[in-house]
Amino acid sequence: MRGGAGGLGNGLTSFAYLRALVVDYVKISGHYVRGVVDDPVYGTLVSTVNQIGRIMGLTTIAEDVETDAVLHRLRELEVAYVQGHGVAVPEPLVDTGGEVALPCFQRSA
C-alpha cells in the first residue's frame, strides 16, 4: 500500500503536493472537520477537499470527529472514513495473538 497525504487542508499548497505524490488517501485536518456543521466556510472546504480526493481516486479520512452532528454531516458529504473520539476511543494496535504490535509507540498513562 502506498502512503497518504496527512492533514490536507493545512494550506492550498497541499493540493500541488497531492498531484505530485503517489498516495492512496488524504486526511482532512480536524481543524476544519470540527467546524463542518457550524461554519459554512469550513463545511465548503471539507466538501471540496473530499470531492477533489474522489476525482483523483483517493480515499478521504476526516480527523477529530467528536460529535454525532459532525459525523452526520460527513456522511452527507460522503467522506469515506472518519476517526475521532465520537466514533471510537483510540486503542493500541494488536497482532493476531492480542499482543501490542507497536510497543515502542505506546505511552504510559
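The values are calculated or read from the model by the stated rules, or taken from the named source; none is laboratory data. What you are looking at is a predicted structure, and each value in this text was computed from that prediction instead of being measured. Positions of Cβ are backbone-derived with ideal geometry, glycine not excepted, and every protein chain shown enters the neighbour counts.
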Looking for something farther than 19 Å from H31 by Cα, touching a strand residue (DSSP E or B) at 6+ places or on another chain (Cβ under 8 Å) and in a helix (DSSP H, G or I) - is there at least one such residue anywhere in segment 84-92?
no
Given Y25, Y32, which one is outside any helix (DSSP H, G or I) and out of contact with any His (no Cβ under 9 Å at 6 or more places or on another chain)?
Y25
Cβ pairs under 6 Å, 6+ apart or interchain, first in segment 40-59 and of a type in the set (A, V, I, L, M), second assigned to a helix (DSSP H, G or I), ordered by first then second residue, are L45/Y32; V46/Y32
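Of all residues in segment 60-76 being surrounded by 16 or more Cβ atoms within 10 Å (Cβ to Cβ) and more than 15 Å from S29 (Cβ to Cβ), which is farthest from the chain's Cα centre (by Cα)?
The first filter runs over segment 60-76 and keeps only residues surrounded by 16 or more Cβ atoms within 10 Å (Cβ to Cβ), leaving 60-65, 70-71, 73-74.
Those left that are additionally more than 15 Å from S29 (Cβ to Cβ): 71, 73.
Numbers: L71: 12, R73: 14 Å.
Only one residue fits best here, namely R73.
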Given (1) at pLDDT 75 or above; (2) in contact with a helix residue (DSSP H, G or I) (Cβ under 6 Å, 6 or more places away or on another chain), A5 misses just (1)
